[in-house]
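The values are calculated or read from the model by the stated rules, or taken from the named source; none is laboratory data. Since the structure is predicted, the reported quantities are computational estimates derived from the model, not experimental observations. FYI the Cβ positions are ideal-geometry reconstructions off the backbone, even for glycines, and counts take in every protein chain you see. Accessible surface is based on the protein model in full, side chains and every heavy atom, while ligands, DNA and RNA are left aside. Shrake-Rupley method; radii C 1.70, N 1.55, O 1.52, S 1.80 Å.
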Amino acid sequence: MDAGRWRESLLLLLALQISFGHAAVGAALLTVLLVGELFAGEPRWARTPLDRALIVVTLAAAASAWTSPWPAPAWASFGFFTVGALIILRATVLATLRSATFSRRFLQWWGAGGAITGVIAVATIGQGLNARAQLPGLGPNGLGTTMALALVIVLGLSSVDPGRRRVVWYAAALPVVAALILTFSRGAWLAAGVGIGVLLVSGRGHRVWQGVGVVAMAVVVSLLALSPRWFWHTPRLWDLAERGQTLSRLAVWRVVPEMIVARPLLGSGLGTFPLAFAEATGRHPDVDPMPFAHNLVMNAAVELGLPGLAALLALLGVGVAAAARWHRRRRAGPDGRIGGTILAAVLTMLGHQMVDGTIMGVHLAVTLFALLGLAAAGDVSSRRDTAGLGGQRL
């Protein structure tokens, strides 16, 4: 098997692992493979619209680490971010440019992993009414993120794959919906709504609506079957200060402006939000620390400064625009609907990050960069096909 096929195989393994919370394992294997790829003469990089924005974000992260009051965690986070982003983006871009079917296969493995994870999460939930679906290493909110993404993926695939495969994806949506509900993660529910809305706007008529109908029925059945748990959790779902007045999201968000003002240009360094929060509030960083801002924009503003935040938003904007262009160019066919599904998945993840911080961990950061790589490479491929260069692949 050549290096390109090894790369594709490891990426498909990564896609299967996403919903389980172990995509970092696939990323580590891709890192090992990279050495062999370079010796085998594989391309070092393939240019995409993401490149310039990624360079600026990397420079901003390096500058914030250089001036950080906590250089050790800042440089460590910078290293993880840079290496992870470059390896995952490179791998997904090269695989997508090499094979016209890779992005579709990647999503199929992702959807399959999501269905399996949903079954496991539902089967292993505790007996107490207060129990929430979660997996080892993936708490309720993290599992909520992966289940919201999996739901959008399987619905997108149901609008792409024909006949019996479509029914398979409808069936796969059922355990995903049940697990998503059982996380009782409000942000994940909101994110799933965003993703489904994008699918409806960008999708193909009745096929998407059929899938949404299946999801709606699954939600109703799950709510009826789980009504005792639902009623137990209802007070908490409406309580925005459930962790107490000093550690609720609203309380943290009130402190963030002070943290930004303290270091507006270069921030405190990647991965240092808990230390900056402790500094601003007088808390000891090891006593019930606040790991992130529960909002991607606020978190980036604190850790990277306002210029770094602008660079990160530019990178995300370029990725979203790339997926949108891919979908628009090939909207009538399955390839375009794959682009629309990836667009919906990116917006699902970003929607959740407005009220949570799950992508601050390595696992979901890897997932985000995989999505951005698929979007950017799909944009490049669709532009080549439009220009009559579709046969020129890596």
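Remarks
- Electrostatic dipole magnitude of the chain [Cβ: Lys, Arg +1; Asp, Glu -1; Cα centre; debye, to 20]: 1340 debye
- Across the range 374-383, rounded Karplus estimates of 3J(HN,Hα) from the backbone phi angles (6.51 cos²θ - 1.76 cosθ + 1.60, θ = phi - 60°) give 4, 5, 5, 5, x, 4, 4, 5, 5, 5 Hz, Gly and Pro being marked x.
- Contour minus Cα-Cα distance for ALA216 and LEU38 (0.36 nm per residue): 59.2 nm
- Heavy-atom surface of the chain, accessible at 1.4 Å and reported per residue (Å²): 42 Å²
- Ellipticity at 222 nm from helices only: DSSP H runs of n ≥ 4 in the chain, each -39500 (n - 2.57), divided by the residue count, give -25000 deg cm²/dmol.
- Each residue, ARG164 and THR31, gets one label point 7 Å from its Cα in the Cβ direction; the gap between the two is 4.2 nm.
- Rounded if a/c under 1.5, otherwise prolate or oblate - the range 75-199, Cα gyration tensor axes: oblate
- Nonpolar atom fraction for the range 43-104, defined as the carbon and sulfur part of the 1.4 Å probe accessible area, stands at 71 percent.
- If R0 is 45 Å, the Cβ-Cβ spacing of VAL201 and ALA310 corresponds to a FRET efficiency of close to 0.95.
- Once the Cβ-Cβ distance of ARG5 and ALA131 is raised to the sixth power relative to R0 = 41 Å, the FRET efficiency obtained is 0.45.
- Distance (nanometres) between label positions extended 7 Å along Cα→Cβ at ALA321 and VAL83: 3.2 nm
- Inter-label distance, ARG384 to ALA251: 5.4 nm, where each label sits 7 Å from its Cα along the C-beta direction.
- Residues THR101 and ALA72, FRET efficiency given R0 of 45 Å [Cβ-Cβ distance, rounded to 0.05]: 0.55
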